[in-house]
Structures are given as C-alpha cells and as structure tokens.
Amino acid sequence: MTKTAAEICKTAHVTTANRRPSADDLLVLLAVGRTGRYTTAAEELGLNHTTISRRIAALEQAMGGRVLARVAGGWELTDLGRDALAAAEAVESAVRSLTLDAGGSRMLEGVVRISATDGFSAYIAAPAAASVQRRHPKVAVEIVAATRRASQQRSGLDVEVVVGEPTVHRATAMRLGDYCLGLYGSRDYLAEHGSPANVADLQRFPLVYFIDSMLQVDDLDLAASFAPAMRESVTSTNVFVHVEATRAAAGLGLLPCFMADRHDDLVRVLADTVSIRLAYWLVTRPETLRRPEVAAVVDAIAARMDDQRDVLLGARL
C-alpha cells in the first residue's frame, strides 16, 4: 500500500528521533563550539572543512534541530547546541580520564589561545603560561599581543585580557586586578630639559603614548586627558615602543609603572599628581572555562597578578 506524505514524514521523524548522536560528532561540535570557526576546529582535529560540516549536519539530524547558528565572524551555539555541548564535554572528560601522568594524576593537554595587551602578555601571561607548561607539558599556550576591546563575536580565542570593564554577551568577565600608569623621563632628557614643576608645566614637554586615532580602548584613551596641552612625540600601538622611545629621550612617556620601573635610566615625575589607575579584566566563555587546561591557565594568571600586585601598582622594583 502506498504511504501518504504525512506517513512518510512521520516515519522520517521517528527514524531521526531514534538515532543516537555519534560521540565523534559531539567532539566535532565541542571543537566548533569552543573556537566559533569550522576552519580552526578542523585544524585542531586534523580534519578538513567538509568533514566538519558533514559531522555537524549529521549531529543536527540526529538531534532534530540546529546546534549552531551563523553569526558575524563565526558560529554560536544554539540552546540545543549548548545541551549537546554538555554531553560532548562528558565524552571528552571520559576519554581524558584514561590518560594519567607518572604520578597517577589526570594529564592535561590541548592548546589554549590568549589575547592580551603587550605588557600583560610579556610580564603576566607569559610567566603564567610557562608555569602551566612546566606542570603540564602537553598544554600549549598561544599568546596574541593586542590592545583592543573584548571581541563581541567568537574569534578563535579561549581567553581575552582587556583594559577596562568590558561589555560582553554570553561570556564571563572577571576583574583580575589594577595597575598604574605614570609619567617618566630618561635621566639624560630630564638633565637637559628639567623636570616639570606641576601639571600646567607639562605643556612644554612632548608626550610619548599611543596613536590617538588608532586607540580602541576607552580607558587608555582617557588616561592622557590630565595634560591635553602636551604635544605628541613618538606614538605607537605598542607599549614597548613607548618605553624605548622614552628611554631614548623622545619626551615624557605615559607608561605602565610595572614596565618603566624595570629600567634604572627612567625617572618618574609628578608621581603624586599623575597616577592613572586602570584595571585588567579577563573574558572567557563558561563552556571554555570548563576545559581543565583553560582553567589551569586562568588560575595561573590570577596567581601571577596576585604575586605582582605591588609592582603593578607602582612599587619600585
């Protein structure tokens, strides 16, 4: 007997509903859900883009709905996708539990990608990453140095560290701690030009700082407002350039104290009146933070921040 269209659709629905999601497909969703990109997930899993697409399509068919939604710059998990992600994490955890180190502890492995400002990358993130890597040799940490706002879309990053409290969606933002900016000049420069007597006297000095038109971070943009009459000298998107230009007598540099105080040839001026306090914030996704290797790196960063608290606030090294 010929089946009606309604009967065929009902049979197809039952077949789909009875199909169990594949563990392999769940792990593919896990990779895409964490990175927001098929291409990055493909690289991590050693698959090609077509295979990733096919696995996601098979998972959606098995679950009876969309697990990913297209957004600008990548993919976001749907509500159904977040449910599937929890199952995928359980699969991953079960597989990883079979791998123990020599002491019988669970071995961490994987790649953790961090974006942070130049100074934070060098003096906080790098030592923190090194401490994790010493304990867990199979954890690799990639650090992208960039001074920008927190990304509003998935960007292939696990952790972002930004200056100033970010506005984010479907992400967790945690305050890591504060640091201070101060005005510095090289000893040779101050010997030739003298030290400023007060804030009003700063108008006769050139300023070494960020390129105003390219600065994306509001808190850093406002930091130099204490002396609007200062003319620009050497400017750059990289804070290490600020430090070296100040050391080379390009003018007075508005520098992070924890970077400038490492150099004996730099002298802080107007310390009592020019002290800008800013905050570092860490942004990550709840599902990303549940990865043990990411949690280990975040914990190490927090520990490094705590250890360097006085230095960050301008206590001379």
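Among the helices (runs of 4 or more DSSP H) lying completely within segment 32-127, list those that include at least 3 residues that are modelled with pLDDT of 90 or more.
Ranges flagged: 49-63.
If you scan segment 260-278, which residues turn out to be touching a Lys or Arg at 6+ places or on another chain (Cβ under 8 Å) and either acidic (D, E) or in the same structural domain as T147 (by TED's automatic domain parsing) (or both)?
Those that are touching a Lys or Arg at 6+ places or on another chain (Cβ under 8 Å) and either acidic (D, E) or in the same structural domain as T147 (by TED's automatic domain parsing) (or both): D261, D265.
Is it fair to say D299 is without any contact (Cβ under 8 Å) to a residue 60 or more places away in the chain and assigned by TED's automatic domain parsing to the domain that holds G194?
Taking the combined requirement at face value, the residue does not satisfy it.
Which ones in segment 268-317 are in a helix (DSSP H, G or I) and acidic (D, E)?
Matches in segment 268-317: E287, E293, D299, D306, D307, D310.
Report the residue count in segment 124-135 for those that are in contact (Cβ under 8 Å) with a residue 12 or more places away in the chain and touching a strand residue (DSSP E or B) at 6+ places or on another chain (Cβ under 9 Å).
The number of residues fulfilling the criteria is 6.
Of the residues in segment 138-161, how many are of a type outside the set (S, T, N, Q), in contact with a Phe, Trp or Tyr (Cβ under 9 Å, 6 or more places away or on another chain) and buried (at least 19 other Cβ atoms within 10 Å of the Cβ)?
Here the count works out to 4.
Please work out which residue is nearest to the chain's Cα centre (by Cα), limiting yourself to segment 210-240 and to residues that are modelled with pLDDT under 95 and among the aromatic types (F, W, Y).
Applying the filter and picking the extreme gives F210.
For segment 162-192: of the residues being part of a strand (DSSP E or B) and of a type in the set (S, T, N, Q), which is surrounded by the fewest Cβ atoms within 10 Å (Cβ to Cβ)?
T172
If you go through segment 279-295, how many residues are touching a strand residue (DSSP E or B) at 6+ places or on another chain (Cβ under 6 Å) and either of a type in the set (S, T, Y) or buried (at least 17 other Cβ atoms within 10 Å of the Cβ) (or both)?
So the count comes out to 7.
Identify, please: which residue in segment 42-67 is surrounded by 14 or more Cβ atoms within 10 Å (Cβ to Cβ) and in contact with a Phe, Trp or Tyr (Cβ under 9 Å, 6 or more places away or on another chain) and is, among those, nearest to D79 (Cα to Cα)?
I56
The values are calculated or read from the model by the stated rules, or taken from the named source; none is laboratory data. Every value quoted in this text rests on a predicted model; they were computed, and no experiment measured them. A quick note on method: Cβ atoms are made from the backbone with ideal geometry, for glycine too, and the neighbour counts reach across all protein chains shown.
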